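Here's the structure we're looking at; comments come further down.
FYI, it's all coordinate maths here, none of it is from the lab. Predicted model, so just to flag it, every value in this text is computed and none were measured. FYI the Cβ positions are ideal-geometry reconstructions off the backbone, even for glycines, and counts take in every protein chain you see.
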Amino acid sequence: MLLPRMIAFTGFRREKGRPPSLVSLCVGVLGRHLEDVIGELREISVGFPAHIKLAIVAIARRRKLLNDDLILSLVDSSWEILDISGSDVTDTCLAEVSKICSRIRAVDISRCFQITPAGVSELVQHCKLLNTLRWGGCPRSNYTARRSLGILKPELMDLEGDSWEELDAAEIAHGAESLRWLLWPMIDKDSQETLATECPRIIVNPKPSPLGFRGLDVPIEAHADIALDDSVVKDISPTTWAVGGFAPRSISPCISGTPGIELSMAERFRLAFLDRDTRLAPKRAKNARQRQRRAEREMLMSSTNAKAIALASRATKSFHG
């Protein structure tokens with residue numbers, strides 16, 4: 001019980017050039033053995049601060065262990081970012097998290113095979129402060145993004161008014177009214193034109209520079225080359241999510257202002273195979289560790305039995321002697 005208590009009352013306070021804090025080391029240990037405690041994670045994390053829970057989610061995502069049960073056992077209403085990219089999280093979970101974490105400002109749902117426009121709609125409906133959204137990144141996620149464009153568009157709720165001056169802001173602002181930055185790798189030309197025409201307030205794939213972008217400072221959450229949840233695990237050793245020789249495959253953002261290239265069927269199958277192989281890698285590593293532990297136990301038992309037999313034989317000889 002020492003580990004949860006230490007985590008509950010300590011925060012990440014590591015400064016550059018200094019060794020990692022004790023709590024960072026504890027979270028790293030927990031992250032390396034995450035698959036062994038997933039069933040009890042809700043009970044273990046009751047007293048954890050919000051940023052520690054978010055760090056565990058980030059580790060789980062990197063280890064390809066993030067799913068509905070895990071994130072719902074850790075969700076905290078004070079979260080302001082949510083990175084579930086490349087995970088098995090579903091619409092149901094995203095909707096529930098959106099209701100609980102209404103203060104979320106940035107979300108990454110890229111490469112999420114099980115997120116559909118229904119989940120995006122729930123996200124936009126409940127997270128009114130959403131400023132940055134990342135999606136796309138694979139054929140299925142790109143399809144979801146294209147079908148979700150209508151959710152981002154502003155709609156006029158009152159069609160009976162005589163003039164625009166008589167309309168309230170609530171009657172005009174419908175959709176993702178606070179969304180400003182959209183990261184969409186390999187965006188197609190039609191979608192890009194639709195966003196430019198119907199959602200001019202949304203800046204697609206901004207390119208950060210010291211001078212800003214169109215006179216605006218691009219927030220760190222909208223930097224394509226930085227994972228959205230990097231900041232919450234900056235003090236934790238990367239070996240935490242490289243357990244059992246498994247290191248998550250890095251995916252290049254490939255964001256540019258040019259239209260995306262349609263992938264061939266063979267390339268889609270190849271990417272699907274690589275994604276499946278990556279998702280199953282932690283399970284293979286876990287099975288390998290279990291087999292190793294079982295072999296060690298069997299060897300220990302075998303050795304103990306051999307010692308017992310030898311001692312019994314020696315005792316018998318001395319008794320008869």
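Brief remarks follow.
- Here the peptides 113-119, 84-90, 269-275 are ranked by packing, the mean other Cβ count within 10 Å, and the order with the highest first is 84-90, 113-119, 269-275.
- Net charge of neighbours whose Cβ lies under 11 Å from the Cβ of Ile84, counting Lys and Arg as +1 and Asp and Glu as -1: -2
- Estimated vicinal HN-Hα couplings, Hz - the range 113-130 in sequence order (Karplus 6.51, -1.76, 1.60; Gly, Pro = x): 5, 9, 8, 10, x, 4, x, 4, 4, 5, 4, 5, 5, 9, 9, 6, 9, 4
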